[in-house]
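A quick write-up on the structure given underneath.
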Amino acid sequence: MASTMLSLASTTPSASLSTQEILKGKVRLGSGREGTLLNKEKGNPFIKAKSFGRISMTAAVNVSRFEGVAMAPPDPILGVSEAFRADTDVKKLNLGVGAYRTEELQPYVLDVVKKAENLMLERGENKEYLAIEGLAAFNKATAELLFGADNPVIKQQRVATVQGLSGTGSLRLAAAFIERYFPGAQVLISSPTWGNHKNIFNDARVPWSEYRYYDPKTVGLDFEGMISDIKAAPEGSFVLLHGCAHNPTGIDPTPEQWEKISDVIQEKNHIPFFDVAYQGFASGSLDADASSVRLFAARGMELFIAQSYSKNLGLYAERIGAINVVCSSADAAARVKSQLKRIARPMYSNPPVHGARIVANVVGDPALFNEWKAEMEMMAGRIKNVRQKLFDSLSAKDKSGKDWSFILKQIGMFSFTGLNKTQSENMTNKWHVYLTKDGRISLAGLSLAKCEYLADAIIDSYHNVS
């Protein structure tokens, strides 16, 4: 690193030099034969200057190698929490980040997770490295949870499963695989989608385009637009689908619409790619929330599925998930898994063990598994109650006749309010309600006691802000 320092001692008032002049190498220090020309290209530019007459100068240049690195913008989701923490208003609400909260709006660690961790302590399990593909017991449990233990794709060993760094890391691993083995193939992403999807494929240098999904006129699914765009995509494209509880809209296709979507994807020879972040957390049923994935697998399609246990087990910080690739044969699955491992090795070497053991312990123990399902139903039920209370509050307070029933038609922890960016900013600036700029709110961060206050904020922002 080069250094920059300029020191002048002079009885002359105008004796000064700019840093720019020094950096350009145009400054001669001293006033006679002893003067030294500073050239930044000649190595460490520390200058010795003798005193001549009434001027004594010493200069050194300190230029960061990172001058060309711009400040990155705040993350659109995690930045909401940063702004929330800085707000001192007692009425403030953080509805930006998708993390479950109790009715008292406190973080919640599942009882079944505590029991699984106690088992780990009792067994005295070590902290040795996992294999590249992760914990074998976890990989078995997560694939069976997704497809069902008796599913033919499991029985025939046609699923390549690799433990990943939650949903994000699993998506990123699959994106690198697509870039390497399907060069030029594009990924179709719903409009709108989770804020990190585009970042993941951009960083993996996988081209993407959008298909229509959200209809602002109905605050519902633009099914015809979705089908039309999937049909129009180049043959062999990857179609990124949200397995359940679409983020950010909370709008899911009906079972009949899923059938039609699978028809079109098969006709176009596309490859389905599911992001399953809320299995069991959306409806309260593990099987119901996996029905879309199982439909595609039952049709004999090859597909990708990324999983996360951040929401349904509350393991946000453990970074536990998986990438599953359903192949046409056991041989193909073995080869795909070997290449996923090959990509993972220089990327992060191997995954963390703690969260994997928690999942394996919970799913592998019938008593803990049943307790987990009960806790998921409880969490999903609380969100459903909050959703109903918000709808009731909006309907009672809003005298305009607006139909707010779309809130009840949505599912999962999020609700897409239909508020635009300016209206969302009013929610924050005036009402201290923090949400993403696309109008998405996390109902998991809302309590029954706060529903009426939120309804007031939404009604004001919707009707009084253009």
Unique residue being within 21 Å of SER166 (Cβ to Cβ) and among the acidic types (Asp, Glu) when the list is GLU371, GLU302, GLU375: GLU375
Evaluation of THR88 against (1) assigned to a loop (DSSP other than H, G, I, E, B); (2) in contact with a Gly (Cβ under 9 Å, 6 or more places away or on another chain) (one fails), failing number: (2)
Criterion violated by GLY280 - all others in (1) out of contact with any Ser or Thr (no Cβ under 8 Å at 6 or more places or on another chain); (2) in a helix (DSSP H, G or I) satisfied: (2)
Any chance ARG342 is basic (Lys, Arg), loosely packed, with under 15 Cβ neighbours inside 10 Å, at pLDDT 95 or above and within 17 Å of THR161 (Cα to Cα): yes
Condition check for GLY124: farther than 30 Å from THR428 by Cβ and out of contact with any Leu (no Cβ under 7 Å at 6 or more places or on another chain): yes
Residue, most open to solvent (accessible area, probe 1.4 Å), within region 217-240, restricted to residues that are within 17 Å of GLN410 (Cβ to Cβ) and of a type outside the set (Lys, Arg): THR218
Only listed residue being open to solvent by 10 Å² or more (accessible area, probe 1.4 Å), within 21 Å of VAL293 (Cβ to Cβ) and in the same structural domain as VAL239 (by the TED database), chosen from ALA317, ALA332, ALA306, ALA322: ALA332
Selection from region 363-383 of residues that are touching a residue at least 40 places away in the same chain (Cβ under 8 Å) and closer than 24 Å to ILE251 by Cα: LYS373, GLU375, MET376, GLU377, MET379, ALA380, GLY381, ARG382, ILE383
Residue in region 230-251 that is under 26 Å from LEU435 (Cβ atoms), of a type in the set (Asp, Glu) and assigned by the TED database to the domain that holds GLY148 present: no
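Is it true that some residue in region 430-443 is in a helix (DSSP H, G or I) and closer than 13 Å to ARG387 by Cα?
yes
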Conditions (1) assigned to a strand (DSSP E or B); (2) touching a residue at least 60 places away in the same chain (Cβ under 8 Å); number of the one not met by LEU240: (2)
Restricting region 435-466 to residues that are of a type in the set (Lys, Arg) and within 15 Å of LEU419 (Cβ to Cβ), the residue that is surrounded by the most Cβ atoms within 10 Å (Cβ to Cβ): ARG440
Selection within region 112-149 - surrounded by fewer than 14 Cβ atoms within 10 Å (Cβ to Cβ), charged (D, E, K, R) and part of a helix (DSSP H, G or I): LYS114, GLU122, ARG123
Residue that is nearest to GLY284 (Cα to Cα), among those in region 412-427 that are open to solvent by 30 Å² or more (accessible area, probe 1.4 Å) and in a loop (DSSP other than H, G, I, E, B): GLY418
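Scanning for something in the same structural domain as PHE281 (by the TED database), open to solvent by 10 Å² or more (accessible area, probe 1.4 Å) and either in a helix (DSSP H, G or I) or β-branched (Val, Ile, Thr) (or both), does region 185-197 turn up at least one residue? So that I can check it myself, show each step before the final result.
Restricting attention to region 185-197, the residues satisfying the condition of being in the same structural domain as PHE281 (by the TED database) are 185-197.
So of that shortlist, the ones also open to solvent by 10 Å² or more (accessible area, probe 1.4 Å) come out as 185-186, 191-196.
Remaining after also requiring either in a helix (DSSP H, G or I) or β-branched (Val, Ile, Thr) (or both): 193.
Checking region 185-197: at least one residue is in the same structural domain as PHE281 (by the TED database), open to solvent by 10 Å² or more (accessible area, probe 1.4 Å) and either in a helix (DSSP H, G or I) or β-branched (Val, Ile, Thr) (or both).
The values are calculated or read from the model by the stated rules, or taken from the named source; none is laboratory data. The model shown is predicted, which means the values in this text are computed figures rather than measured ones. A quick note on method: Cβ atoms are made from the backbone with ideal geometry, for glycine too, and the neighbour counts reach across all protein chains shown. Side chains included, ligands, DNA and RNA excluded: accessible areas come from the protein's heavy atoms. Shrake-Rupley method; radii C 1.70, N 1.55, O 1.52, S 1.80 Å.
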